[in-house]
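Heads up, the thing below is written out as structure tokens.
Where a number appears in this text, it was derived from the coordinates with a stated rule and is not lab data. Treat the numbers as computed from the prediction; the structure is a model and nothing was measured. Every residue, glycine among them, receives a Cβ derived from its backbone with ideal geometry; neighbour counts consider all protein chains shown.
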Amino acid sequence: MPESSATERVRRALLRLGLPADYASRAAEEAAGHLEDLRREAIEKGLTPRGSEAYAVRAFGDSEDLAARMAEAVKSGSWFGRHSLCSCFFLPVLTLVAAFLGAIVAAALLGDWLGLWAKHLSWSRSTRLAVWWALQLVYCGLLIVVPVFYCWLARRRFGGWKGLLIIAGAFLLHGIFHTFTISAPSASQPGSVTWGCHTHIQAIALLVPLATVFLFWWANRLKLPLEPLQVR
Amino acid sequence: MNGSNPSFLNGVPALVVLKLLSVREMYGYELVKEIQRTTEGAFRFGEGSIYPLLHYFEQSGLVSSRRQEINGRRRNYYRLTARGRKRLAGLRGRWDAVIRGVNFVFRDQYA
């Protein structure tokens with residue numbers, strides 16, 4: 001197997017494992033440099049160019065195994081990777097809840113400081129609707145930002161697709177069982193935010209994590225060459 | 001180490017690599033050759049396997065890397081961080097304790 005194949009195998013294996021393209025390219029570049037050094041070393045020892053390539057590949061070791069160990073190294077090198085159940089399953093949903101509650105508390109404090117709540121009974125219907133829309137936007141924004149952020153982090157720190165799929169699963173469960181419901185104001189009530197278990201499914205909470213995983217997968221797929229992987 | 005029990009060697013590659021990087025910054029190939037030279041060939045491994053270890057150290061903040069181009073070839077140089085020095089001191093302390101214990105077992109009364 002020529003050196004370039006060994007280098008390319010490292011890059012492709014890392015991409016298939018779900019690591020970011022820049023990391024895969026850097027690892028492949030390091031592998032290429034190392035193989036070139038080994039090849040020069042072999043030529044200095046008197047091997048032929050063909051023999052030196054074979055020597056370099058043999059001394060460097062198996063590319064697929066190396067890529068798997070690199071992915072494991074990325075994962076075990078961070079707290080998030082070592083505690084993947086916590087960081088992929090519990091933390092993303094907790095972050096969403098904390099961020100949304102934090103946003104409501106911040107809005108409440110700001111409104112209190114501006115004196116908005118003292119005159120809320122005199123708010124027009126359009127003002128109440130604007131507040132309702134703002135809450136909806138913040139919630140939907142967080143439903144998009146939080147899974148995307150954790151999926152990005154999972155690729156960088158948790159070393160692969162498994163983390164992304166667990167995150168998607170956590171948000172799917174959140175979307176099915178655990179939601180905030182923001183009720184629009186009407187003539188009889190001023191509108192409300194309730195938090196808990198609901199029977200209706202939040203489509204955005206289901207679709208965003210799945211779409212995020214798909215997009216990351218697709219981005220990695222674009223970096224892979226079209227020809228099938230050679231099996232040794 | 002050729003033909004040795006891997007669990008017995010747990011932590012030894014980390015100790016060796018951190019120690020060598022504490023002397024000066026090195027790139028992967030250079031580091032492998034330095035390991036082979038200083039251990040007189042006691043360690044035998046696929047040379048590529050140095051990179052998972054280096055990347056693990058980098059993710060853990062034990063080493064930092066910088067890219068440098070020399071004679072048209074780009075190299076990633078790794079150097080020990082303050083955190084890495086602390087880890088090295090801890091590993092060294094544990095290793096010394098192991099050596100003392102093993103030496104005690106092999107003293108005259110058990111020879």
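Could you pull out the longest piece of chain B with no exposed loop chymotrypsin sites (Phe, Trp or Tyr not before Pro) in it, calling a site exposed if DSSP puts it outside H, G, I, E, B and it has at most 16 other Cβ atoms within 10 Å?
Longest site-free region, per DSSP loop and neighbour criteria: B:46-105.
Based on alpha-carbon atoms only, what is the radius of gyration of the stretch A:1-104 relative to the globular estimate 2.2 N^0.38 Å?
Normalised by 2.2 N^0.38 Å, the Cα Rg of the stretch A:1-104 equals 1.56.
I'd like the FRET efficiency for A:D112 and A:K162, computed as 1/(1 + (r/R0)^6) with the beta carbon distance as r and R0 of 41 Å, rounded to 0.05. Intermediate values should be presented prior to the final figure.
Details: r = 45 Å, r/R0 = 1.09.
Computed FRET efficiency for A:D112 and A:K162: 0.35.
Using a cut-off of 11 Å between beta-carbons, work out the net charge of the residues near B:K33 (Lys and Arg +1, Asp and Glu -1, B:K33 not included).
-4
Kindly identify the protein assembly as shown as rounded, prolate or oblate by the Cα gyration tensor criterion: order the square roots of the eigenvalues as a ≥ b ≥ c, call it rounded if a/c is under 1.5, otherwise compare a/b with b/c, prolate if a/b is larger, else oblate.
Judged from the Cα gyration tensor, the protein assembly as shown comes out prolate (a/c at least 1.5, a/b above b/c).
When we measure straight from the Cα of A:K75, which lysines land under 30 angstrom away, once same-chain ones fewer than 8 places off are left out?
A:K162, A:K223, B:K19, B:K33, B:K86
Using a 10 angstrom cutoff on alpha carbons, build the Gaussian network for chain A and name the most mobile of A:P92, A:P49, A:P20.
Highest fluctuation of the listed residues: A:P49.
B:Q36 label point, 7 Å along Cα→Cβ, cut-off 18 Å on backbone N: hits in the stretch A:29-47?
A:31-47
For the stretch B:8-53, what class follows from the C-alpha gyration tensor (a ≥ b ≥ c being the square roots of its eigenvalues): rounded when a/c is under 1.5, otherwise prolate if a/b is larger than b/c, else oblate? Let's see the in-between values first.
Details: a/c = 1.25, a/b = 1.18, b/c = 1.06.
Taking the square roots of the gyration eigenvalues as a ≥ b ≥ c, the stretch B:8-53 is rounded.
I'd like the FRET efficiency for B:S22 and A:K223, computed as 1/(1 + (r/R0)^6) with the beta carbon distance as r and R0 of 45 Å, rounded to 0.05.
0.80
Under a plain spin-label model, where a point goes 7 Å from the Cα along Cα-to-Cβ, how far apart in nm are A:W133 and A:R58?
7.2
Measuring from label point to label point, each 7 Å out along Cα→Cβ, what is the A:L47 to A:A99 span in nm?
Taking the two extended label points, one gets 5.1 nm.
For A:L172 paired with B:V12, estimate the spin-label separation in nm (one decimal), with each label point 7 Å from Cα along the Cα-to-Cβ line.
The two pseudo-label positions are separated by 4.6 nm.
Cut-off is 10 Å between beta-carbons; in what order do A:T179, B:T81, A:T194 appear when sorted fewest neighbours first?
Sorted ascending by nearby Cβ count, the order is A:T194, B:T81, A:T179.
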